[in-house]
Amino acid sequence: MRKTFLLSVVVCIILSSCSGQKDIPTVFPSLTTKISFTETAMATSTLTPTPTRIQPTELPSTPSFTPFPHYPNKRVVFDYYVVGNQADWDIFFDTPSGNILTKLVLYDDGQILIAGTGETYKQKVLSSAEIKSFLLKLETLGFYSLESNQKHDPTDDLYNFEGKYEEVGIIGGLRDCILVDADKSRNLCVHESYMQFLIPEMKNILQYLDAYKPAGLTPYYPDRILITIQIADSSLENPPVIHWDERFPPLEKDPKRYTSDTSNQVIYIDGDMAKEIYLFFEGTDTKVVSQNGKEYIVYLRVLLPHEKVKNPQP
């Protein structure tokens with residue numbers, strides 16, 4: 001899964017804002033119908049307050065853009081995610097979701113999403129019995145009783161370094177985290193550099209989550225995506241070039257979109273068009289495409305129902 005890109009687009013976005021001109025994104029509606037983002041009432045929940053989620057390192061930002069359309073984000077009951085990436089998208093993500101890589105997420109309406117290869121996900125709506133069984137298994141494996149000061153060093157009881165501890169940079173390093181916000185709540189992370197030193201109980205929990213595949217999973221199709229566009233470098237060996245569907249947004253630089261001093265730009269797309277572009281990528285996160293005689297590299301980032309995106313503010 002390609003989630004990390006060059007930070008140049010973020011820097012370029014910042015430089016663009018300093019020119020004094022306010023960039024306004026183009027929001028592309030459905031291919032067939034105009035999507036209405038009317039706010040809907042969410043079901044009252046009796047779950048406990050959300051534990052503190054580990055956040056990626058924030059990059060400095062100054063640009064200001066017009067707000068995205070309203071989206072009724074779903075409430076997370078369980079999230080198995082990876083944090084620590086720095087990517088082009090960071091500046092667009094709002095807390096508490098952040099630009100994290102979700103492996104498995106369960107919402108309070110029972111929908112579960114499980115990451116596959118590339119940018120693909122499988123989904124299912126779990127029954128109350130399935131949800132109870134899933135969370136009970138975590139408790140049986142000792143998730144709530146594990147001791148940890150979350151320092152990821154020899155003082156952290158999640159690890160047994162056996163005298164082989166070598167400090168690595170925590171900032172920029174990847175951590176696998178488990179967040180539960182149900183009758184019992186907890187957020188626990190492990191550092192990927194020290195996976196081999198995890199105590200058996202923690203290894204068993206991660207193995208359970210990695211292998212969890214309930215019966216009846218079906219493909220998930222997103223209703224929101226972000227794409228980054230940059231001109232392809234002809235001097236580099238790129239994948240085969242395919243033609244960009246003319247129904248999709250034009251790829252040429254447009255000052256009304258999130259743009260920069262280079263040919264890079266980031267576009268938010270929702271509705272049916274988001275699904276169609278997702279299908280066009282065929283489960284990958286990168287395509288080299290052509291339009292009007294020019295070649296572009298287009299990167300895709302699926303936005304899941306709980307992920308909150310915003311236009312960067314000064």
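Residues in segment 267-295 that are of a type in the set (V, I, T) and assigned to a strand (DSSP E or B): I267, I269, T286, V288, V289. Quick check on segment 261-269. Is at least one of its residues at pLDDT 95 or above, surrounded by 22 or more Cβ atoms within 10 Å (Cβ to Cβ), of a type outside the set (D, E) and out of contact with any Leu (no Cβ under 7 Å at 6 or more places or on another chain)? Checking segment 261-269: not a single residue is at pLDDT 95 or above, surrounded by 22 or more Cβ atoms within 10 Å (Cβ to Cβ), of a type outside the set (D, E) and out of contact with any Leu (no Cβ under 7 Å at 6 or more places or on another chain).
Within segment 95-115, the set of residues being in contact with a Lys or Arg (Cβ under 6 Å, 6 or more places away or on another chain) and modelled with pLDDT of 95 or more comprises Y107, D108, I112, I114, A115.
Restrict the check to segment 176-186 and report whether at least one residue is within 20 Å of the chain's Cα centre (by Cα) and surrounded by fewer than 14 Cβ atoms within 10 Å (Cβ to Cβ). No, there is no match, as no residue in segment 176-186 is within 20 Å of the chain's Cα centre (by Cα) and surrounded by fewer than 14 Cβ atoms within 10 Å (Cβ to Cβ). Just so you know, in segment 279-309 the residues that are surrounded by fewer than 15 Cβ atoms within 10 Å (Cβ to Cβ) and within 30 Å of L106 (Cα to Cα) include one that is nearest to the chain's Cα centre (by Cα), and it is G283. Residues of segment 173-200 that are closer than 16 Å to Q150 by Cα and acidic (D, E): D176, E192. Per the conditions (1) at pLDDT 95 or above; (2) under 20 Å from S133 (Cβ atoms), the sole criterion not satisfied by D183 is (1). Within segment 286-299, the residues that satisfy the criterion of being in contact with a Lys or Arg (Cβ under 8 Å, 6 or more places away or on another chain) and either farther than 11 Å from I225 by Cα or at pLDDT 95 or above (or both) are T286, I297, V298.
Going by what's in this entry, would E201 be described as at pLDDT below 95 and more than 22 Å from the chain's Cα centre (by Cα)? Answer is no for this residue. Restricting attention to segment 213-222, does a residue exist that is in contact with a helix residue (DSSP H, G or I) (Cβ under 9 Å, 6 or more places away or on another chain) and surrounded by fewer than 18 Cβ atoms within 10 Å (Cβ to Cβ)? Yes; the residues of segment 213-222 include at least one that is in contact with a helix residue (DSSP H, G or I) (Cβ under 9 Å, 6 or more places away or on another chain) and surrounded by fewer than 18 Cβ atoms within 10 Å (Cβ to Cβ). When Y159, Y221 are screened for being modelled with pLDDT of 95 or more, closer than 30 Å to E276 by Cβ and hydroxyl-bearing (S, T, Y), only Y221 passes.
The values are calculated or read from the model by the stated rules, or taken from the named source; none is laboratory data. It should be emphasised that the depicted structure is a prediction, and the values quoted were computed from it without experimental measurement. Here Cβ is always computed from backbone atoms with ideal geometry, including for glycine, and neighbour counts include all displayed protein chains.
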